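Undergrad: Below are the structure tokens for one structure; questions will follow.
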Amino acid sequence: MSKIAPWYVDAVFDNSGSALPQVKFILGRESKTCDAIETYPHNQNQYYTKTLWTRNPSSKYYFSDDCYLIRAILNPTHLELQKRAKPNTIFVSYHSVEDELNPAKDKENLYEIYKHLKFDATLHLIRDIDAKFIKSLKHGMRISDKALIKKELPLVLEKLQNKTQKIAPYNEISYPCKDKIYRFKDTNEGFECEILNK
């Protein structure tokens, strides 16, 4: 939501979110990388995401570079546009240094850009288990949403009280992505996404 309608978002709480799209979950079997494997004494089951997306340019479900770029949160050009639309958004993230699905380095790069753009952004890189809040170093760290909100919401609400949150006169935002422009617009009846050729 902070990407497609940043003017509505005061704060983002994130647990192990992906800064870059995981192509294997978009292309499924075509990526030649399964989502999960179960191994038994005499066989092995591999699981793939069922998807219509393909890298075949002649398909109507062609997953182009533009499709990838619009899904990437770690996109400096897009982050600058978000900053213009809503400069006071607060970002708080927890991420394990051992996350096997979403590399911590990508999240570190994202938060460096947030800081460069002068967002209020805090990244907690987790290296140790405390058995109360952090129960694992695997993806998600077994942090409950309730515990995360209970820990971070009071701090963010205090920051928001001290900031003047100007309501931006935005109801749409456009992102350039190689050969296309993605325009997200809030209409009276919902959100629209318009894809334009450059």
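The values are calculated or read from the model by the stated rules, or taken from the named source; none is laboratory data. What you see is a predicted model; the values in this text were computed from it and never measured. For neighbour counting, all protein chains shown are included, and Cβ atoms are generated from backbone atoms with ideal geometry for every residue, glycine included. Ligands, DNA and RNA are excluded from the accessible area calculation, which covers all protein heavy atoms including side chains. Shrake-Rupley method; radii C 1.70, N 1.55, O 1.52, S 1.80 Å.
Undergrad: Restricting attention to region 107-122, does a residue exist that is of a type outside the set (Lys, Arg), closer than 17 Å to residue 80 by Cα and at pLDDT below 90?
TA: Within region 107-122 (the criterion being of a type outside the set (Lys, Arg), closer than 17 Å to residue 80 by Cα and at pLDDT below 90), the answer is no, since none of the residues qualifies.
Undergrad: Test residue 69 against the stated conditions and say whether it is at pLDDT 95 or above, open to solvent by 20 Å² or more (accessible area, probe 1.4 Å) and of a type in the set (A, V, I, L, M).
TA: yes
Undergrad: So which pairs qualify, if the first residue must be in region 180-198 and at pLDDT 95 or above, the second must be open to solvent by 90 Å² or more (accessible area, probe 1.4 Å) and of a type in the set (Lys, Arg), the Cβ gap must be under 8 Å, and the two must be at least 6 apart or on different chains?
TA: Hits for this filter: 180/198; 181/198.
Undergrad: State which residue is nearest to residue 76 (Cα to Cα) when the search covers only region 121-159 and only residues that are open to solvent by less than 40 Å² (accessible area, probe 1.4 Å) and in contact with a helix residue (DSSP H, G or I) (Cβ under 7 Å, 6 or more places away or on another chain).
TA: Ranking the candidates gives 121 first.
Every residue, every condition in (1) open to solvent by 30 Å² or more (accessible area, probe 1.4 Å); (2) outside any loop (DSSP other than H, G, I, E, B); (3) farther than 30 Å from residue 114 by Cα; (4) in contact with a His (Cβ under 9 Å, 6 or more places away or on another chain), yes or no:
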| site | (1), (2), (3), (4) |
| --- | --- |
| 1 | yes, no, no, no |
| 13 | yes, yes, no, no |
| 26 | no, yes, no, no |
| 29 | yes, yes, yes, no |
| 42 | yes, no, yes, no |
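Undergrad: Can you tell me which of (1) more than 25 Å from residue 31 (Cα to Cα); (2) touching a residue at least 12 places away in the same chain (Cβ under 8 Å); (3) not acidic (Asp, Glu) is the one residue 101 doesn't meet?
TA: Every listed condition holds for residue 101 apart from (1).
Undergrad: Quick one: in region 15-24, of everything that is in a loop (DSSP other than H, G, I, E, B) and either out of contact with any helix residue (DSSP H, G or I) (no Cβ under 9 Å at 6 or more places or on another chain) or not hydroxyl-bearing (Ser, Thr, Tyr) (or both), which residue is surrounded by the most Cβ atoms within 10 Å (Cβ to Cβ)?
TA: 19
Undergrad: Something else about it: Output the residues belonging to region 45-96 that are assigned to a strand (DSSP E or B) and closer than 30 Å to residue 138 by Cβ.
TA: Once the filter is applied, which keeps residues that are assigned to a strand (DSSP E or B) and closer than 30 Å to residue 138 by Cβ, region 45-96 yields 45, 46, 47, 90, 91, 92, 93, 94, 95, 96.
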